[in-house]
1. Go over the candidates Tyr54, Tyr94, Tyr101, Tyr105 one by one and state the one that is touching a strand residue (DSSP E or B) at 6+ places or on another chain (Cβ under 9 Å) and assigned to a helix (DSSP H, G or I).
2. Pick from the stretch 119-159 the residues that are more than 21 Å from Ala55 (Cβ to Cβ), among the aliphatic types (A, V, I, L, M) and touching a Cys at 6+ places or on another chain (Cβ under 7 Å): which of them is surrounded by the most Cβ atoms within 10 Å (Cβ to Cβ)?
3. Identify the single condition in (1) touching a residue at least 24 places away in the same chain (Cβ under 8 Å); (2) at positive phi that Gly78 does not satisfy, given that it satisfies every other one.
4. From the list Lys20, Lys75, pick out the single residue that is in contact with a strand residue (DSSP E or B) (Cβ under 9 Å, 6 or more places away or on another chain), part of a helix (DSSP H, G or I), surrounded by 13 or more Cβ atoms within 10 Å (Cβ to Cβ) and among the basic types (Lys, Arg).
5. If the Cβ limit is 6 Å and pairs must be 6+ apart or interchain, which residue in the stretch 139-150 that is part of a helix (DSSP H, G or I) pairs with which residue that is among the hydrophobic types (A, V, I, L, M, F, W, C)?
6. Tyr94 is checked against (1) within 27 Å of Phe23 (Cα to Cα); (2) crowded, with 16+ Cβ neighbours inside 10 Å; (3) free of Cβ contacts under 8 Å to residues at least 60 places away in the same chain and fails just one. What number does that condition carry?
7. Of (1) surrounded by fewer than 13 Cβ atoms within 10 Å (Cβ to Cβ); (2) part of a loop (DSSP other than H, G, I, E, B); (3) polar (S, T, N, Q), Gln62 satisfies all except one. Which?
Amino acid sequence: MSKTDLPILEQRRIEANIIKPIFEEMVSRLGRKQAAEILNTAITRDSIAQAKAYAAAEGGEQTLASFHALLPQWKASGALEIDMVEESETRMSYNVTRCKYAEMYQDMGLADVGHILSCGRDGTFCTGYNENIKLERTQTIMQGASHCDFRYRWEETDE
């Protein structure tokens with residue numbers, strides 16, 4: 001994967017414009033549930049592959065700090081407004097109080113699958129980047145909450 005200067009919000013808009021008619025066709029042929037399952041599987045695989053590519057391009061050791069250093073790419077163009085809760089070597093916690101990704105999917109008529117197209121990537125992306133990084137999130141703006149609660153932690157594996 002090559003690095004691009006295109007903000008991730010714009011990348012997601014381009015992807016969604018391509019995915020929308022394909023998803024609609026899958027829904028018409030397979031039903032919403034099966035179409036959503038296929039979309040979720042494809043996006044999950046893509047998220048892990050993208051994260052591994054980010055990690056490989058960086059070289060060196062992938063830590064929670066180096067992962068956190070990627071956040072500005074997702075915030076570019078004012079895409080996310082966040083309130084930082086905790087930053088340490090083993091924890092990074094913040095709340096997203098405004099999400100232009102959710103607003104964009106709403107405007108595109110994709111609000112019901114926006115969590116698959118964006119939110120679902122968050123946990124799998126961190127795992128693909130480094131399996132020691134874990135995300136706990138109990139709510140998202142995309143699914144109607146007042147904010148998204150991102151709680152990343154570094155958890156050593158027994159390998």
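1. Tyr101
2. Among those that are more than 21 Å from Ala55 (Cβ to Cβ), among the aliphatic types (A, V, I, L, M) and touching a Cys at 6+ places or on another chain (Cβ under 7 Å), it is Met142.
3. Single failed check for Gly78: (1).
4. Lys75 is the lone residue from the list that is in contact with a strand residue (DSSP E or B) (Cβ under 9 Å, 6 or more places away or on another chain), part of a helix (DSSP H, G or I), surrounded by 13 or more Cβ atoms within 10 Å (Cβ to Cβ) and among the basic types (Lys, Arg).
5. Filtered contacts from the stretch 139-150: Ile141/Cys99; Ile141/Ala102; Ile141/Cys148; Met142/Ala102; Met142/Cys119.
6. Answer for Tyr94: the failing condition is (1).
7. Status for Gln62: all satisfied but (1).
Conditions (1) closer than 18 Å to Lys134 by Cα; (2) in a helix (DSSP H, G or I); (3) charged (D, E, K, R), marked per residue:
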residue	(1), (2), (3)
Arg13	no, yes, yes
Ile38	no, yes, no
Ile48	yes, yes, no
Asp83	no, no, yes
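The values are calculated or read from the model by the stated rules, or taken from the named source; none is laboratory data. Predicted model only: the values in this text are computed from it and were never measured. Please note: Cβ atoms are built from the backbone with ideal geometry, for glycine as well, and neighbour counts cover all protein chains shown.
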